4 protein chains.
Amino acid sequence: MAGSSYGTIFKITTWGESHGEGVGVVVDGCPAGLELCEDDIQLFLNRRKPGQNRYSTPRKESDSVEILSGIFEGHTTGTPISLLVRNTSQRSGDYGEIANYYRPGHADYTFDAKYGFRDYRGGGRSSGRETIGRVAGGAIASKLLATLGITLLTYTRSIGPVSIESFDAAEISRNPLSMPDANTAKKAASYLETCLQDHNSSGGLVECIIHGVPSGIGDPVFEKLDANLAKALMSIGAVKGVEIGDGMSVAQATGLTDNDGFSMDSSGQIIKLSNHAGGILGGISDGSDICLRAAFKPTPSIFASQKTVTRTGDTLDVQIKGRHDPIIAPRAVVVVESMAAITILDALLVGMSAKLSNVQAIWKK
Amino acid sequence: MAGSSYGTIFKITTWGESHGEGVGVVVDGCPAGLELCEDDIQLFLNRRKPGQNRYSTPRKESDSVEILSGIFEGHTTGTPISLLVRNTSQRSGDYGEIANYYRPGHADYTFDAKYGFRDYRGGGRSSGRETIGRVAGGAIASKLLATLGITLLTYTRSIGPVSIESFDAAEISRNPLSMPDANTAKKAASYLETCLQDHNSSGGLVECIIHGVPSGIGDPVFEKLDANLAKALMSIGAVKGVEIGDGMSVAQATGLTDNDGFSMDSSGQIIKLSNHAGGILGGISDGSDICLRAAFKPTPSIFASQKTVTRTGDTLDVQIKGRHDPIIAPRAVVVVESMAAITILDALLVGMSAKLSNVQAIWKK
Amino acid sequence: MAGSSYGTIFKITTWGESHGEGVGVVVDGCPAGLELCEDDIQLFLNRRKPGQNRYSTPRKESDSVEILSGIFEGHTTGTPISLLVRNTSQRSGDYGEIANYYRPGHADYTFDAKYGFRDYRGGGRSSGRETIGRVAGGAIASKLLATLGITLLTYTRSIGPVSIESFDAAEISRNPLSMPDANTAKKAASYLETCLQDHNSSGGLVECIIHGVPSGIGDPVFEKLDANLAKALMSIGAVKGVEIGDGMSVAQATGLTDNDGFSMDSSGQIIKLSNHAGGILGGISDGSDICLRAAFKPTPSIFASQKTVTRTGDTLDVQIKGRHDPIIAPRAVVVVESMAAITILDALLVGMSAKLSNVQAIWKK
Amino acid sequence: MAGSSYGTIFKITTWGESHGEGVGVVVDGCPAGLELCEDDIQLFLNRRKPGQNRYSTPRKESDSVEILSGIFEGHTTGTPISLLVRNTSQRSGDYGEIANYYRPGHADYTFDAKYGFRDYRGGGRSSGRETIGRVAGGAIASKLLATLGITLLTYTRSIGPVSIESFDAAEISRNPLSMPDANTAKKAASYLETCLQDHNSSGGLVECIIHGVPSGIGDPVFEKLDANLAKALMSIGAVKGVEIGDGMSVAQATGLTDNDGFSMDSSGQIIKLSNHAGGILGGISDGSDICLRAAFKPTPSIFASQKTVTRTGDTLDVQIKGRHDPIIAPRAVVVVESMAAITILDALLVGMSAKLSNVQAIWKK
């Protein structure tokens, strides 16, 4: 199936494998007239670049983006924006041994089951490099959202057992783990050292706060804003749980504590007195901050010995060689932000026609 | 936007408000040749019917389904199956007072923000009655899946602080809370009594186990099987969190404990030695049971006093009158099962063309 | 496949067979706030009703439409509008004999080839009654377009060898053949008499002029406005050719005669000096009238003897019994108009986000 | 809107402007296991390459395709196939003058109306170079169809007033006008010489015959095979009319002559005794050859003087400079074939699940 596209009006189509010629994305449906240049996108890509610290893989990937179409005189033209990032650190030799057995926690077995064979080099299409296209698309969506006063703030909330205890947004870009709490970041780094020594890896929790979304975005039934955000986040490799607002904990809550009362603010706007709902009621934005969380599983590639089988059905114990990140979550922060931005923008665009008065405002002469 | 359809090849389109003429669904893309009659669907609808016990609203809704099209001589014809359930207990008078203010935890405010006005009777389109169309579609999907050896088991895992401590599938249909543990069901009932006395309500957790899905279903990137399941479940009203396999807890896990090793079973099939992944690797089914959980928030309609505002911006304290369910989760069990069944079936149908050999098996003369 | 939906934002999903319980449509994505009642729809349905004259089948179908959802206090709510027309003249006995053989020019054989069996009563899903859902959807689209100053005029341009020689829009509703030329309508009626006497039938040509579409509607590549109009019209049963503007004759034209020069009108608007393009350039509306034509084949059900085969492979000569329309085109006029209206409206809605300035006009606070 | 994708399961997404960095396509949903290399695609691209004869523009475009993803060890992997063709003959200086006025018959004005501005260099996104992505996708679809015994034959049927009078398939590739009749090709060439001398251009008619499509492909209502073929062809720039089988002429036909009787062939297969329907009945293939025609308007760029206006509303007479093809049709032959192939393949893939027995054949263990 054609499963590499996401979005209805603002649509991204990603392509590329870890060790093919490159990876990229076609961003279609971007409104015309947005100022855009390669730097806007490169800035986002740099946030996911590996090799920047001890906790991400030391492979040096330059990941330079090239805009192939859709921009004229520094602005989007409304036609597809094609973005290309060449693969530069292909060392197929390193990956030959995984051609024959199935790495636990990876998609090797399921790709073979689905397609009959697979491009085993570096995980092929299930490599983390696939997210480059998402992030490039997210950079464009975020820039457009900013012109509407909508901003996203995304960070690592916890790593293994170590959770943030304070919040300082400025701190996020200062530590390699993208945590908004310098002290916790140090503890988490120490925890990851232990994981590395144990040939082990750690899971982590990423949180995204979207500020400035007007009320009235999203649809009542299947195209609920939270439903699409859940899909967007769960479609990122290694995510196993997604929460909106109070998330899983609502199962233990009561109506009295979970409901958010309404009131009026000083400017005459309707506001909520709390935000257990995470900014979405009945699938539609309520004007509060939208709060999302995604739980990332530990990096499945570990050096510790694991049991597996070969393509031909022999059992064996394997140690996954190479230097791998001991944690996925921090590098995925920008991927979560990108998928959220794309989802919000698409909901805004499809939602323009919700009221007849809007349609008439645009089209009636 | 046209947000009332779900699915790519097997597609349901639901319609209807709580207090309009009725609710229904058009099920399009069902393969021809499946035996189907109204009883197959009624059986599923009865599982979500209200008024069956003290913990669900005593409104008597007969919810009789009528098949309007798509069946000939007892079999699906491949053309759209239109299903209609007339609304029979419309008492608009009861709902007049909510026309002017916004109920906390409901979609009243967001509908007004989106559309400029709303059908306020009984929640209109955001009523729980909207799920009738989903369940009718789920009945058909489930019946087809059963012919492929795929079965779903869904139940209430916890209510407020009360979680199951043992598991007996046969117990699920024996208690009104759809719990697989009779003892826990009693404790949960007692907890709900307290909620009712406090004019309060409780959240709950629903779990769904899908057995028999072949490996190789779902797509690698945006159409990951878990991404679509997450959307399917999060699109159900009141769901605020969705988990696959170990879910949110993977954020605290390590690679050594979270990875599922592979082995061979006695019949020469590849199996996983554990199932932390919940049956899905890289977005594609791995042949193990698929395990899902959805957290339902407490019923937002409670009699206890809450703060809100009117459409015209006056603040007030409200008590939501009428008898409302103190818990949503048990009645939502069949909705979760239906959405999961539809998602799995659709993934099976779009996945038929993954391999050239499959295409040739069907079309080559 | 789920092939019964049409449109992206404004989407119709039709269902129903000739001799099932009824036929209907779910209209999803209609902007909220449009005044709408059953009479608006009934008026359109009456234009396709059979039995109104000698040239359409004398079966009395009342075709009364019931609105089941999506309207509150006389206005669309933005949620799905479900419309139901019960079948009332089911006389299955009349159709039993066609269960076993394949009528030439009908879809009997292809349905069996596709689905393995078919609902043979009255053509089942391939019956002309399927268009009731389209026309109901078209009534809503047309009413909304009218609020934007967009109007459609549709008529029979020719019947067999008889073509209109003059044009008077007022005449269209005055003759049973929906021709804008009273004299030609008489000649065509006489030609159809001959067809009836010969146990034969005639093809016809329907033309649709859409006035008031603003320039800038439609997309450059696959979602060209003319591409979607071509699909819309070709999806109507019996249509075998579709033309935009000068249509097939452009193959004989030269650039000098086919190009439409531009000029300015007295109000300072850009206009075309001619309209060979039929109102669309590069897939995008240019502000001129949009001109479409669809060629309808002759009614395939004729009493004259024809050669065919049975399901089991025996050859035979058949005469299709019953009274059938000697011509399809006049009753299809409103179907063409409906499909064109739905296509134009959908293009307007998806086109609202083409420019960043439009997006900001709706969403920037 | 995201209008640059086509297809449901087998989906192409094209991108690129005439004078940007390049043009390309992402082909998603191609079944895994098809042998594919760059030569397979280059062969198709070469068929549309300009500068090959006097009747196509002498710009030398090398149009070399690069496969960036989706192939491993010489076979499709089931993941997106990204194809890139760099633009090499960008001479923006030549196109500067068309920045300010609207060329008659081109999309300059409508792009400005839609997007507020446009990439005017060489027609930007509405350039004929956009079709490179379609043809690359068509090459892949055609190669897959060939493995199922389905072949396409496409050619120029007429140029201006000159129509083929005999048919020899081998002749098509022998003359620069892609006509299956050497004598007519000569006459047409002579006609085009006259057009060139007159600073004029000619329209043309392209025909496509698809052989070997099994019966039962396509859906009954909106996704009729002919409806999708009509959209596919009408989405090609310059096409103004599309016909299936007898096409527009059915409007003059009678049932007796237009109906195709059925019979049995010597191998016990059901066949039609004629093929007025062009291989499709009720939107579903009937096993006969599928016959399509598309009418291409004359090249709008002509040197003869034409009336137009500037962006700022001044009127002027223009002569479009540069060497332009005097005819579009012959170079569009491979584009028509490509769009037809993609449409047929997609219909085959979505049609795999039409019968429950097919679903069980693939998925039942």
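The values are calculated or read from the model by the stated rules, or taken from the named source; none is laboratory data. For clarity, every value in this text was computed on a predicted model and none was experimentally measured. Here the Cβ is made from the backbone with ideal geometry for all residues, glycine too, and neighbour counts use every protein chain on show. Accessible surface areas use protein heavy atoms only, side chains included; no ligands, DNA or RNA. Shrake-Rupley method; radii C 1.70, N 1.55, O 1.52, S 1.80 Å.
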Collect the residues in the range A:266-285 that are surrounded by fewer than 24 Cβ atoms within 10 Å (Cβ to Cβ) and of a type in the set (A, V, I, L, M, F, W, C), keeping them in residue-number order.
A:Ile270, A:Ile271, A:Leu273
Read through the list (1) modelled with pLDDT of 95 or more; (2) in contact with a helix residue (DSSP H, G or I) (Cβ under 7 Å, 6 or more places away or on another chain); (3) farther than 24 Å from C:Thr310 by Cβ; (4) at the interface with another protein chain (Cβ under 7 Å from one of its Cβ atoms), then give the number of the only condition that D:Ile302 fails.
(1)
Name the one entry in A:Ala329, A:Ala304, A:Ala294 that is of a type outside the set (Asp, Glu) and touching a Phe, Trp or Tyr at 6+ places or on another chain (Cβ under 9 Å).
A:Ala329
Matching residues in the range D:156-184 - criterion: being over 14 Å from C:Thr254 (Cβ atoms), open to solvent by less than 50 Å² (accessible area, probe 1.4 Å) and part of a strand (DSSP E or B):
D:Thr156
Those residues of the range A:29-45 which are of a type outside the set (A, V, I, L, M, F, W, C), more than 7 Å from chain D (Cβ to nearest Cβ) and open to solvent by 10 Å² or more (accessible area, probe 1.4 Å) amount to A:Glu35, A:Glu38, A:Asp39, A:Asp40, A:Gln42
What do you reckon, is D:Thr76 hydroxyl-bearing (Ser, Thr, Tyr) and modelled with pLDDT of 95 or more?
yes
What residue, of C:Met234, C:Met248, C:Met264, is free of Cβ contacts under 8 Å to residues at least 60 places away in the same chain and closer than 28 Å to C:Val135 by Cβ?
C:Met248
Of the residues in the range C:286-299 that are more than 7 Å from chain D (Cβ to nearest Cβ) and closer than 23 Å to C:Ile236 by Cα, the one that is surrounded by the fewest Cβ atoms within 10 Å (Cβ to Cβ) is C:Asp289
Which condition from (1) within 9 Å of chain C (Cβ to nearest Cβ); (2) in a loop (DSSP other than H, G, I, E, B) is the one that D:Val350 breaks?
(2)
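Does C:Val309 satisfy the condition of being surrounded by fewer than 24 Cβ atoms within 10 Å (Cβ to Cβ), modelled with pLDDT of 95 or more and within 8 Å of another protein chain (Cβ to nearest Cβ)? First the steps, then the outcome.
Working: surrounded by fewer than 24 Cβ atoms within 10 Å (Cβ to Cβ): yes; modelled with pLDDT of 95 or more: yes; within 8 Å of another protein chain (Cβ to nearest Cβ): yes.
Considered against the rule, which asks whether it is surrounded by fewer than 24 Cβ atoms within 10 Å (Cβ to Cβ), modelled with pLDDT of 95 or more and within 8 Å of another protein chain (Cβ to nearest Cβ), C:Val309 comes out as yes.
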Which residues, taken from the range A:11-28, are more than 7 Å from every other protein chain (Cβ to nearest Cβ) and crowded, with 24+ Cβ neighbours inside 10 Å?
A:Ile12, A:Val23, A:Val25, A:Val27
Got at least one residue in the range A:258-265 being under 20 Å from B:Lys114 (Cβ atoms), of a type in the set (S, T, N, Q) and open to solvent by less than 40 Å² (accessible area, probe 1.4 Å)?
no
Please work out if C:Lys187 is farther than 17 Å from C:Phe44 by Cα, open to solvent by 50 Å² or more (accessible area, probe 1.4 Å) and either of a type in the set (Val, Ile, Thr) or out of contact with any His (no Cβ under 9 Å at 6 or more places or on another chain) (or both).
yes
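Identify the residue in the range D:207-232 that is over 20 Å from the mean Cα position of the chain (by Cα) and not aromatic (Phe, Trp, Tyr) and, among all such residues, is farthest from the other protein chains (Cβ to nearest Cβ). Steps first, answer last, please.
If we filter the range D:207-232 for residues that are over 20 Å from the mean Cα position of the chain (by Cα), which is where we start, we get D:214-217, D:219-222.
Now drop any that are not not aromatic (Phe, Trp, Tyr), which leaves D:214-217, D:219-221.
On the way: D:Pro214: 6, D:Ser215: 4, D:Gly216: 4, D:Ile217: 8, D:Asp219: 3, D:Pro220: 5, D:Val221: 5 Å.
Residue satisfying both the conditions and the ranking: D:Ile217.
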In the range B:341-365, anything among the charged types (D, E, K, R) and surrounded by fewer than 23 Cβ atoms within 10 Å (Cβ to Cβ) is listed as B:Lys355, B:Lys364, B:Lys365
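For (1) over 17 Å from C:Thr343 (Cβ atoms); (2) modelled with pLDDT of 95 or more; (3) hydrophobic (A, V, I, L, M, F, W, C); (4) part of a loop (DSSP other than H, G, I, E, B), each residue gets a yes or a no:
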position: C:Pro214; (1), (2), (3), (4): no, yes, no, yes
position: C:Asp226; (1), (2), (3), (4): no, yes, no, no
position: C:Lys240; (1), (2), (3), (4): yes, yes, no, no
position: C:Ala251; (1), (2), (3), (4): yes, yes, yes, no
Does any residue in the range B:119-139 that is free of Cβ contacts under 8 Å to residues at least 40 places away in the same chain come within less than 7 Å, Cβ to Cβ, of a residue that is assigned to a helix (DSSP H, G or I) and of a type in the set (Gly, Ala, Ser) six or more places away or on a different chain, and which pairs are these?
B:Tyr120/B:Ala99
Has the range B:320-340 got at least one residue that is surrounded by fewer than 18 Cβ atoms within 10 Å (Cβ to Cβ), over 30 Å from D:Lys364 (Cα atoms), touching a His at 6+ places or on another chain (Cβ under 8 Å) and not β-branched (Val, Ile, Thr)?
no
Can you work out which of the residues in the range B:62-90 that are within 8 Å of chain C (Cβ to nearest Cβ) and of a type in the set (S, T, N, Q) is nearest to C:Asp119 (Cα to Cα)?
B:Thr77
Can you work out which of the residues in the range A:95-130 that are over 25 Å from A:Gly7 (Cα atoms) and basic (Lys, Arg) is modelled with the lowest pLDDT?
A:Arg121
Give the range C:233-257 a look and list any residue that's more than 7 Å from chain D (Cβ to nearest Cβ) and open to solvent by 10 Å² or more (accessible area, probe 1.4 Å), or say none.
C:Ala238, C:Ser249, C:Thr257
Quick check on B:Gly133: is it under 27 Å from B:Ala340 (Cβ atoms) and modelled with pLDDT under 95?
no
Being within 11 Å of chain D (Cβ to nearest Cβ), aromatic (Phe, Trp, Tyr) and surrounded by fewer than 24 Cβ atoms within 10 Å (Cβ to Cβ), is that true of even one residue in the range C:112-120?
yes
